[in-house]
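Following: one structure in structure tokens, then a few remarks.
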Amino acid sequence: GWVVDTMNQALSAFAAAQAGLEELQYLHRNEILERLYHSPSLVSLAAELCGILEEKIRSTRGLIEQMENKPVRIVRELVARRYMEHISLNDAAEATGLNPVYLSVLFKKETGINFKDYVVNVRMDKAKALLRAGESINRVSELVGYQDTKYFSRLFARVVGVNPTQYKKLYQ
């Protein structure tokens, strides 16, 4: 009677709360109701309901965390595709649909590095690979998005710890 009706209302409220998040799994209402109907007592019914709700809250938290990670994943993919071009935080924000300031905070929180430094690190990793492969410093500079080779060399030395010529000699 009233206990099952109350449980139905609780499940309906919980399902409605989930509906706002696209990536959440659907609450399997019939399966849950079946488990509740077969509970031998009111105490076990309450314990069963609490267990079901805890399980759903855990899965909801996990999905919310995945959704928060999604913008950072989009930014990383964007930088991986376009590191050789001028790419700004505004470009990344546009790709994720987030405010640039919020994205900046979220990116730093999840990666431990700000967006600009992340782009530089990706470029320097690509530059190191190209230098190891025997490319000229001028060519590497262009390939990773720097038209000014002197600026690239100073930045490379600051980030990597040795200048591009010294780095290249290590791998010849």
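The values are calculated or read from the model by the stated rules, or taken from the named source; none is laboratory data. Just so it is clear, the model here is predicted, and its values are computed rather than measured. FYI the Cβ positions are ideal-geometry reconstructions off the backbone, even for glycines, and counts take in every protein chain you see. The protein model used for the area step is the full one, side chains on, heavy atoms only, and it has no ligands, DNA or RNA in it. Shrake-Rupley method; radii C 1.70, N 1.55, O 1.52, S 1.80 Å.
Any residue at all in the range 12-23 that is in a loop (DSSP other than H, G, I, E, B), open to solvent by less than 70 Å² (accessible area, probe 1.4 Å) and at pLDDT below 60?
Of the residues in the range 12-23, the ones in a loop (DSSP other than H, G, I, E, B) are 20-23.
Next, from what is left, pick out any that are open to solvent by less than 70 Å² (accessible area, probe 1.4 Å): 20-21.
Within this subset, residues satisfying the condition of being at pLDDT below 60 are 20-21.
Checking the range 12-23: at least one residue is in a loop (DSSP other than H, G, I, E, B), open to solvent by less than 70 Å² (accessible area, probe 1.4 Å) and at pLDDT below 60.
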Which of (1) at pLDDT below 95; (2) closer than 17 Å to Glu77 by Cα is the odd one out, the single condition Asp125 does not satisfy?
(1)
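Only one of Arg132, Arg158 is under 21 Å from Lys116 (Cβ atoms), within 33 Å of the chain's Cα centre (by Cα) and open to solvent by 40 Å² or more (accessible area, probe 1.4 Å). Can you tell me which? Working first, answer last.
Numbers: Arg132 fails: under 21 Å from Lys116 (Cβ atoms).
Criteria check complete, one pass: Arg158.
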Starting from the range 139-160, keep only residues that are within 12 Å of Lys128 (Cβ to Cβ), then list their pairs with residues that are in a helix (DSSP H, G or I) and open to solvent by 100 Å² or more (accessible area, probe 1.4 Å) whose Cβ atoms are within a distance under 6 Å, requiring at least 6 positions of separation or different chains.
none
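Please determine, by comparing only the residues of the range 42-56 that are among the hydrophobic types (A, V, I, L, M, F, W, C) and open to solvent by less than 30 Å² (accessible area, probe 1.4 Å), which one is modelled with the lowest pLDDT.
So in the range 42-56, the residues among the hydrophobic types (A, V, I, L, M, F, W, C) come out as 42-43, 45-47, 49-50, 52-53.
Filter once more, so that each one left must be open to solvent by less than 30 Å² (accessible area, probe 1.4 Å): 45, 49, 52.
Numbers: Leu45: 67, Leu49: 73, Ile52: 75.
Across the range 42-56, the extreme among qualifying residues is Leu45.
Restricted to the range 161-172, and to residues that are open to solvent by 50 Å² or more (accessible area, probe 1.4 Å) and of a type outside the set (S, T, N, Q), which residue is nearest to Asn138 (Cα to Cα)? Lay out the reasoning, then the answer.
Filtering the range 161-172 for residues open to solvent by 50 Å² or more (accessible area, probe 1.4 Å) gives 161, 163, 165-166, 169-172.
With of a type outside the set (S, T, N, Q) added as a condition, the list becomes 161, 169-171.
Numbers: Gly161: 19, Lys169: 15, Leu170: 18, Tyr171: 17 Å.
The qualifying residue nearest to Asn138 (Cα to Cα) is Lys169.
Mind checking which residues of the range 70-103 are farther than 27 Å from Glu142 by Cα and outside any loop (DSSP other than H, G, I, E, B)? Give the steps one after another, and end with the answer.
Here is the first cut: in the range 70-103, the residues farther than 27 Å from Glu142 by Cα are 70-71, 96-103.
Passing the criteria: Lys70, Pro71, Thr96, Pro100, Val101, Tyr102, Leu103.
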